[in-house]
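Scroll down for the structure; my scribbles are underneath it.
Quick note: the coordinates plus some simple rules give every number you see, no bench work behind them. From a predicted model like this one, the values you see are computed outputs, not experimental measurements. Note: ideal-geometry Cβ built from the backbone for every residue, glycine included; neighbour counts use all protein chains shown.
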Amino acid sequence: MERHGQSKLGIASLLISIFAAIGLFIVFIIAGVMESNTYGGIDEESAGAIILGLFIFGFGFLDLLAIGLGIAGIFQKTRARTTAIIGTILSSAKLIITVSLIGIGLVMG
């Protein structure tokens, strides 16, 4: 059986993964700037900190969606798997890194 074209699910996975990576990078830069410009650090109960946290969780859910689409794209029998594999790997790596950073932040206080 010959494979024709890339999986649309794989393309969606890759695009969502890239979008979430850019968004997460911007959120972490904003959080770093807010932390460095505020005396004593960011107040954890401020509106800005809560919104940043919601964005981080939102991009985490996008990563889970991209992983799911990537896995579905990998199991398509008539389409190429390249973009699905790349999207799944990128999303998984970002999710692991984000959870690790959150864990490090919780341990450090």
>> Please rank Lys94, Lys8, fewest neighbouring Cβ atoms within 10 Å first, as an exposure proxy.
In response: Lys8, Lys94
> From the phi of every residue in the range 32-48, what ³J(HN,Hα) in whole Hz does the Karplus formula 6.51 cos²θ - 1.76 cosθ + 1.60 yield, where θ is phi - 60° and glycine or proline is x?
Replying inline: x, 5, 5, 5, 6, 8, 9, 5, x, x, 6, 6, 5, 9, 6, 4, x
>> Please list, by residue number, every one of the GluC sites (Glu not before Pro) in the range 3-109 that is coil in DSSP and has at most 11 other beta-carbon atoms within 10 Å.
In response: Glu44, Glu45
>> Could you tell me which residue out of Ala31, Thr83, Ala93 lies farthest along the dipole of the range 5-109 toward its positive end? Charges go on the beta carbon: Lys and Arg +1, Asp and Glu -1, centred on the Cα centre.
In response: Thr83
> In the range 1-90, with Lys and Arg counted as +1 and Asp and Glu as -1 at Cβ, which of these residues, Leu65, Ala21, Gly40, has the Cα nearest the positive end of the dipole, that is, farthest along it?
Replying inline: Leu65
>> What does the net charge come to around Phe57 if you take all other residues with beta carbon closer than 14 Å to its beta carbon, with K and R at +1 and D and E at -1?
In response: 0
>> Quick query: amide H of Gln6 versus all other amide H atoms, modeled in the peptide plane; which residues come in under 5 Å with a sequence gap of 5 or more or a different chain?
In response: Ala80
>> Just to be sure I understand the model, the point goes 7 Å from the Cα along the line to the Cβ. What's the resulting Ala47 to Lys8 distance in nm?
In response: 4.1 nm
> Once you charge only the Cβ atoms, +1 for Lys and Arg and -1 for Asp and Glu, what is the size of the charge dipole of the range 8-108 about its Cα centre, to the nearest 20 debye?
Replying inline: 860 debye
>> Just to be sure I understand, if you calculate Kirkwood radius over Cα pairs in Å for this structure, which of (i) 16.0; (ii) 15.1; (iii) 18.4 do you get?
In response: (ii)
> Which of the peptides 15-23, 83-91 is most tightly packed, and how do the rest follow, going by the mean number of other Cβ atoms within 10 Å of each residue?
Replying inline: 83-91, 15-23
>> Net charge within 11 Å of Glu2 by Cβ-Cβ distance, Lys/Arg positive one each and Asp/Glu negative one each, not counting Glu2 itself?
In response: +3
> Can you list the HN-Hα couplings for the range 87-101, worked out from phi with the Karplus curve (6.51, -1.76, 1.60; θ = phi - 60°), rounded to whole Hz and with x for Gly and Pro?
Replying inline: x, 5, 5, 4, 5, 5, 5, 5, 5, 5, 5, 5, 5, 5, 5
